[in-house]
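Please treat every number below as a calculation from the coordinates, not as lab data. Computed from a prediction, not measured in an experiment: that's the story for all the values here. Please note: Cβ atoms are built from the backbone with ideal geometry, for glycine as well, and neighbour counts cover all protein chains shown.
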Amino acid sequence: MGWAGPCDAAKWRFALIGRADTRDPASCAGTLVRLCIWTLIRIPPLGSSYSMSTSHQPALASLLDRRSFVIGAGAAGIALGAAIGEAYTQIAAAADYSLRIAPLKLELAPGKVIETFAYNGTVPGPALRLREGRQVSIDIRNDTDVDEIIHWHGLYVPSPADGAMEEGSPMVPRGGTRRYTFAPKPAGTRWYHSHDIAGTDLTRSLYSGMYGFLIVAPAADAGRYDQEVLLAAHHWEGSWVSMQDLRKGPPPDNGLEVMYGSASFNDKMLGHGEPVRVREGQRVLFRLLNASPTENVALALPGHRFTVIALDGNPVPTQRSVDTLFLAPAERADVVIEMNRPGIWILGGIKDEDRTLGLGVVVEYANQHGEPQWSPPPDSPWDYTIFGHDRPVSSPDERLDLLFEKVPGGHGGYNRWTINGKSWPNTNPLFTTETGKRYRLAMTNKSGDNHPVHIHRHSFEVTKVGEKTTAGVMKDTINMTRFSTVEIDFTADDPGPTLLHCHHQDHQDEGFMGLMTYL
Ligand SMILES: [Cu+2]
């Protein structure tokens with residue numbers, strides 16, 4: 001199953017890192033590693049369905065720029081990587097947790113088995129429940145044939161431990177183990193997931209089962225609920241398609257998009273897992289995560305409403321009950337559902353095709369019998385601002401404009417994405433901040449696609465969505481609907497290189513990414 005090629009990327013990486021002080025990475029290391037990765041990619045992994053026609057090669061080259069750039073990301077970043085690499089490889093005492101990355105045959109439904117990758121043989125991976133501020137060590141063993149990396153999404157951790165190679169975090173080499181140590185904060189529903197490049201390979205990174213909940217408990221947990229349920233939505237069996245071949249609407253020059261063959265909550269398609277068993281009168285806390293690589297999910301539970309208490313793990317200023325919950329990729333919502341309509345129900349995607357793919361789970365009241373019931377919820381557009389304060393926000397020290405645009409790939413080609421006219425790695429640095437200052441990012445999505453924009457290692461305050469102002473909603477990922485504007489404010493309070501990117505795996509790999517740096 002291992003790589004048959006002569007070129008060992010991990011070895012190259014460490015050799016180059018070790019010499020960072022005497023070499024110009026941009027002119028030398030980057031080129032060498034780019035060649036090296038080309039060799040690796042050209043060898044089919046796992047003998048699987050991977051294929052690469054010659055027409056894919058230019059797009060693949062640009063996708064690869066992300067990794068090769070990182071390796072040559074500047075002497076400072078590389079020196080940092082070297083130091084951390086040494087620190088993390090001296091593994092003595094047992095870690096608090098260990099995660100093993102390995103292939104998995106996942107049975108989504110009886111007889112429906114897909115080949116994927118996962119942590120510790122389960123999807124999602126084990127739920128890590130950590131205490132806020134208490135140091136934790138996690139060993140990551142990589143039993144796959146490519147170097148991997150795990151990002152701690154929503155946590156304030158130093159760049160080298162954040163799990164983003166673009167920030168200088170080291171990869172977990174294939175066949176190797178690396179220890180991550182950090183003090184988790186802030187409290188809330190976070191998650192961990194692969195932050196590797198998938199490129200055109202729809203079995204890798206977020207297209208796979210490499211994700212899990214990471215819940216940081218506050219010093220005092222109110223626990224005002226009777227039962228807790230963790231549900232992670234995911235779409236599986238992706239394939240590249242030209243949307244204009246399937247329906248009218250997409251522009252004729254649009255490039256390939258990913259479509260999926262199945263979907264699940266956790267590891268099972270709708271109707272094939274254990275139901276969520278509840279009793280009348282219970283208040284059930286659902287921690288919902290959209291771990292899909294590219295798909296939005298809108299969810300409902302007929303006859304019930306979701307009281308939203310936290311978004312992206314952060315308590316909202318105004319708790320509201322809604323009929324429909326909307327989550328873009330990487331977003332989380334903590335919701336309480338009052339179980340006051342006995343029956344057998346489907347908690348699932350409001351789009352019929354999503355439930356047909358398997359996106360849903362049966363909610364079964366005690367002593368109730370029969371077929372699971374579904375009825376469409378009232379039409380209710382998602383609006384972040386209803387969870388906020390209606391008060392003015394303090395003005396920022398500086399305002400920065402970010403414009404997101406698509407460079408269509410054409411029929412059968414891959415799209416590229418730009419931020420202020422440039423694609424990663426040419427976006428670097430996106431902007432530079434000064435510790436302690438408050439910044440406003442005025443973001444414009446000049447495309448017909450959604451973009452869940454994620455900032456690593458920081459939370460931001462949503463201050464304007466379209467023309468509506470709001471305050472107090474703290475997030476790490478915000479979905480920008482097509483042709484929309486959003487303003488978010490954040491304080492530069494966690495020095496170190498920090499990634500900003502779209503959380504659609506394909507958009508991220510196609511250039512929608514940049515680094516914010518500190519002075
Ligand atoms: Cu995007």
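Its relative contact order, with pairs defined as Cα atoms under 8 Å and 6+ residues apart, puts region 93-217 at 31 percent. Loop-located chymotrypsin sites (Phe, Trp or Tyr not before Pro) in region 169-260 (DSSP state other than H, G, I, E, B) with a sparse environment of at most 16 neighbouring Cβ atoms within 10 Å: 225. Every Cα-Cα pair of region 227-381 was included, and the share exceeding 25 Å stands at 31 percent. Does anything in region 473-507 have its amide N under 18 Å from the 7 Å Cα→Cβ label point of residue 518, and if so which residues? What the label zone holds, given the 18 Å backbone N cut-off, is 490-500. Shape descriptor for region 398-518: Rg over Rh equals 0.96 (Cα atoms; Rh from the Kirkwood inverse mean 1/r). Taking other C-beta atoms within 10 angstrom as a stand-in for reagent exposure, 272, 454, 193, 369 fall in the order 369, 272, 454, 193, fewest first.
Longer than 29 Å from Cα to Cα, which of 185/268; 185/351; 112/406; 422/475; 351/475 are they? Say none if no pair is. Where the Cα-Cα span goes over 29 Å, the pairs concerned are 185/268; 185/351; 112/406. Projecting label points 7 angstrom from Cα along Cα→Cβ for residue 245 and residue 112 puts them 2.4 nm apart. What FRET efficiency would be calculated for the residue pair residue 102, residue 395, taking the C-beta separation as r and a Förster radius of 56 Å, to the nearest 0.05? For R0 = 56 Å, the calculated efficiency reads 0.65.
Under 20 Å from a label point set 7 Å out along the Cα-to-Cβ vector of residue 274, the amide N atoms of region 108-151 belong to 108-111, 119-129. If R0 is 41 Å, what FRET efficiency do you get for residue 426 and residue 135 from their C-beta distance, rounded to 0.05? That pair, residue 426 with residue 135, gives E of 0.60. Taken one residue at a time, the phi angles of region 306-313 give Karplus couplings (6.51, -1.76, 1.60, θ = phi - 60°) of 9, 8, 7, 10, 8, 10, 6, x Hz. Gly and Pro are set to x. I need the trypsin sites (Lys or Arg not before Pro) found in region 214-280, filtered to DSSP loop residues with at most 11 other beta carbons within 10 Å of theirs. The qualifying sites are 224, 247, 248.
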